[in-house]
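Supplied in structure tokens, the structure appears directly below.
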Amino acid sequence: MMKPGTLILYAAARFLMPLQLMFSVFLLLRGHDEPGGGFIAGLVAAGAFSLYLFAFGSELTRDLMRIDPRTLIGWGLLFGVISAFPALLQGQPFLTAQWWPIPLPGGVEFKLSTPLIFDIGVYLAVIGTVMTFVVALAESEQV
Amino acid sequence: MSLAAYITLIMMSLALVVVFIRLVKGPTLPDRVVALELMASIMVGMIGVHAIYTNSSSFIDVAIVMALTAFLAAIGFARFLERGGPRHD
């Protein structure tokens, strides 16, 4: 029952989706000290995938995501749990943030940390949850 | 500059009120959808003015997310209207 979209929608989806995914990664990595973070980044990425779904239908979106959205929820929760344990190894209270700055060429440093791992977990869980909703709704309307 | 920001915000607020009237009155569903889209666009403009007024660039990202979401909502509503419109098949 999926009606073929229009040329404008195809072109807009092809053009906007990669930009939106890049913007979501930018929001994710900027998260800790400035506005951003895993939740809003996940919502933006889910918006990108929903745009693709509106244009090309649910089967192609499943192919594009490669992984079932429900599996993504599990991976997100796993990352969230993993981020809790390094603090225990250091003898600090559970979930205490650990920072491992990695210097990069050019005088900047990449702040690898447990909050980043936790944010990636939130990101994956949010993408998985929203895409599970959206794909299920799109498929139920096809019947 | 703050005077310009105030004037712009006042005008945009008035525009929001007018759009809200259309949203409530709008005889058909497409009217209401267009009103909602216009509301989102005005909100993007307000966020932009606020970003200039407070001199913080973080609000620009909010405006970007808002605009993208509004675009997505427009497409979703359009598909809904297409499906709910008069059909004979």
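The values are calculated or read from the model by the stated rules, or taken from the named source; none is laboratory data. Source: prediction; values computed, not measured. All Cβ positions, glycine included, derive from the backbone under ideal geometry; neighbour counts span all protein chains shown.
Conditions (1) modelled with pLDDT under 90; (2) part of a helix (DSSP H, G or I); (3) closer than 19 Å to A:VAL25 by Cα, marked per residue:
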| position | (1), (2), (3) |
| --- | --- |
| A:LEU78 | no, yes, no |
| A:THR96 | yes, no, no |
| A:VAL122 | no, yes, yes |
| A:THR132 | no, yes, no |
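Take A:ILE8 and tell me if it is in a strand (DSSP E or B) and either among the charged types (D, E, K, R) or surrounded by fewer than 18 Cβ atoms within 10 Å (Cβ to Cβ) (or both).
Judged against the criteria, A:ILE8 is not a match.
Tell me, yes or no, whether segment A:7-17 has at least one residue that is under 29 Å from B:PHE59 (Cα atoms), of a type in the set (Phe, Trp, Tyr) and facing chain B (nearest Cβ under 10 Å).
No, every residue in segment A:7-17 fails to be under 29 Å from B:PHE59 (Cα atoms), of a type in the set (Phe, Trp, Tyr) and facing chain B (nearest Cβ under 10 Å).
Moving on. Go through (1) out of contact with any Phe, Trp or Tyr (no Cβ under 6 Å at 6 or more places or on another chain); (2) within 12 Å of chain B (Cβ to nearest Cβ) and name the single condition A:PHE79 misses.
It fails just one condition, (2).
Something else now. If A:GLY106 meets every condition in (1) outside any loop (DSSP other than H, G, I, E, B); (2) more than 10 Å from chain B (Cβ to nearest Cβ) apart from one, which number is that one?
With (1) outside any loop (DSSP other than H, G, I, E, B); (2) more than 10 Å from chain B (Cβ to nearest Cβ) applied to A:GLY106, the lone miss is (1).
For segment A:44-68, enumerate the residues that are among the aliphatic types (A, V, I, L, M) and crowded, with 18+ Cβ neighbours inside 10 Å.
Residues satisfying the conditions are A:VAL44, A:ALA45, A:ALA46, A:ALA48, A:LEU51, A:LEU53, A:ALA55, A:MET65.
Given the conditions (1) in contact with a Ser or Thr (Cβ under 9 Å, 6 or more places away or on another chain); (2) exposed (fewer than 11 other Cβ atoms within 10 Å of the Cβ); (3) not polar (S, T, N, Q), and given that B:ILE10 satisfies all but one, which numbered condition is not satisfied?
(1)
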